[in-house]
Amino acid sequence: MNTVRFGIIGIGNMGSAHALNLAAGKVKEAVLSCVCDIDPQRRQWAKEKLPADVEIFDDAEKMIAQGRMDAVIIAVPHYYHPVYAKIAFSKGLNVLTEKPAGVFTKAVREMNEAAAVSGKLFGIMYNQRTNPVYKKVRSLLQSGELGQVKRIIWIITDWYRSQSYYNSSSWRATWSGEGGGVLLNQCPHQLDLWQWMCGMPDEIRSFMRYGVERDIEVENDVTTYFKYPNGATGVFIASTHDTPGTNRLEISADMGKLVVEKNKITYIRNKIGEKEFNETWKNGFGQPETETIDIPVEKEDFDEHVAILQNYTNALLHGEELIAPGKDGIKGLSISNAMHLSDWTDHSPVDPNHIDEDLFVKLLQEHIQKSTFVKTTEKQVLDTEGSY
């Protein structure tokens with residue numbers, strides 16, 4: 001293989017962006033071979049905007065079967081990510097899926113197993129992992145520079161969405177169409193970054209509000225408490241109805257505090273670690289002296305989505321290590337599912353590493369049954385394979 005031929009299932013907002021990037025030659029050693037969408041208007045868009053040699057399909061399985069691609073990008077509604085990924089793996093295709101990995105971990109676990117059996121390359125579009133700010137935070141944590149982490153607080157309420165946004169598509173913000181709200185649509189990147197930088201918690205308690213000041217079914221206001229095996233704690237707050245919103249990450253540790261805001265990292269460094277200070281200080285009131293350091297971050301002018309596409313292409317052709325392996329998608333989704341499950345079970349503690357997957361699917365089905373979005377003339381529910 002000298003060039004990777006990509007196909008795309010779903011050419012809505014993200015799928016069309018990937019198509020245009022590939023068609024414009026922004027990904028070296030990669031070409032766009034074919035696209036698919038069930039919407040005639042999107043297929044007409046493809047006919048008008050994409051090169052004439054890009055084949056256009058109205059059926060994903062037909063496109064998968066025709067053999068004109070080496071890898072498929074899956075950019076369809078969340079429920080169908082595992083469905084089409086498993087079909088693609090069974091036909092010997094490499095897969096790059098959009099986020100989130102799916103709606104519930106049971107289906108994503110099956111997708112990961114199918115990927116492992118196939119031996120094909122599996123990636124996920126966690127483009128925020130290419131952001132130099134978050135790369136630097138992860139590096140600082142892994143180096144041990146900050147010492148033991150004590151607390152993580154991420155307030156991300158700058159996802160403002162008006163009612164007109166939700167009205168733009170009938171599937172948006174419905175249990176049967178999207179499977180969740182701010183956690184499934186806006187926050188998968190942050191939940192992935194959380195575990196990528198700080199690791200997986202072992203206990204989650206969540207409080208959610210649904211349809212706050214919006215005519216929607218799903219959560220648009222979330223406050224969640226995290227606990228880690230070493231005693232560290234965390235709080236995650238997200239919403240889509242606050243304006244102006246905030247995007248601020250604080251990580252407190254023995255040697256000080258990192259603050260990430262407005263694409264900058266500030267390190268308020270203790271001149272002596274808190275643990276050592278506590279053991280040696282004898283004068284009652286007092287605390288370690290600090291110094292404030294602006295952590296330099298290499299400025300990079302690139303498109304994060306193109307960076308993931310290039311990395312995936314390089315991995316296929318040259319064995320480059322994936323920035324975002326597809327199997328990692330279950331980690332952030334496990335946190336999301338644990339948040340929902342905790343809220344649905346009277347805010348009980350849930351271990352995201354050991355979710356009761358059957359209970360989650362059962363409660364999700366109950367929400368789907370009440371959903372206003374109907375795909376056909378009758379309400380449909382999840383089957384054991386994770387489709388509906």
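Here are some notes:
- Coarse-grained scattering of the range 294-334 at q = 0.21, 0.25 Å⁻¹, given as base-10 log I(q)/I(0) from a Debye sum over alpha-carbon atoms: -0.81, -0.89
- Residue-normalised accessible area of the range 321-363, expressed per residue, 1.4 Å probe, Å²: 40 Å²
- Accessible area per residue, Å², the range 1-142 with all protein chains present, probe 1.4 Å: 41 Å²
- Nearest-ten-degree value, helix 105-118 long axis tilted from longest Cα axis of the chain: 70 degrees
- Cα centroid separation - the range 94-137 against the range 210-275, whole Å: 24 Å
- Packing here is the average count of other Cβ atoms within 10 Å per residue, and on that basis the peptides 94-106, 167-179, highest first, run 94-106, 167-179.
- Electrostatic tally near Ser239: other residues with Cβ closer than 13 Å to its Cβ, Lys and Arg +1, Asp and Glu -1, net -2.
- Amide H contacts of Thr174 (H built 1.01 Å from N, under 5 Å, at least 5 apart or other chain): Gly179, Gly180
- Table column - 3J(HN,Hα) (Hz), the range 357-369, Karplus curve with 6.51, -1.76, 1.60, x for Gly and Pro: 5, 5, 5, 4, 4, 4, 6, 5, 4, 4, 5, 4, 4
- Surface composition of the chain: carbon and sulfur atoms hold 48% of the protein heavy-atom accessible area at a 1.4 Å probe.
- Ordering 138-151, 26-39 by mean Cβ neighbour count within 10 Å, with the highest value first, yields 26-39, 138-151.
- Computed over neighbours whose Cβ is under 12 Å from that of Cys36, the net charge equals -2, Lys and Arg +1, Asp and Glu -1.
- Projected over every direction and averaged, the convex hull enclosing the alpha-carbon atoms of the range 196-298 yields 9.7 nm².
- Between the labelled values (i) 76, 49, 41; (ii) 117, 52, 52; (iii) 71, 47, 44, the entry that holds Cα extents along the principal axes in Å as derived from this structure is (i).
- Cut-off 14 Å between beta-carbons: net charge of the residues surrounding Leu191, Lys and Arg +1, Asp and Glu -1: 0
- Share antiparallel - DSSP beta bridges, the chain, percent rounded to 5: 60 percent
- Counting only Cα atoms, the size of the range 335-376 along its three principal axes is 36, 17, 14 Å, in decreasing order.
- For the peptides 41-53, 220-232, residues were scored by their other Cβ atoms within 10 Å and the scores averaged per peptide; the highest-first order is 220-232, 41-53.
The values are calculated or read from the model by the stated rules, or taken from the named source; none is laboratory data. Values in this document were obtained by computation on a predicted structure and should not be read as measured data. A quick note on method: Cβ atoms are made from the backbone with ideal geometry, for glycine too, and the neighbour counts reach across all protein chains shown. Protein only, heavy atoms only, side chains kept; ligands, DNA and RNA dropped before computing areas. Shrake-Rupley method; radii C 1.70, N 1.55, O 1.52, S 1.80 Å.
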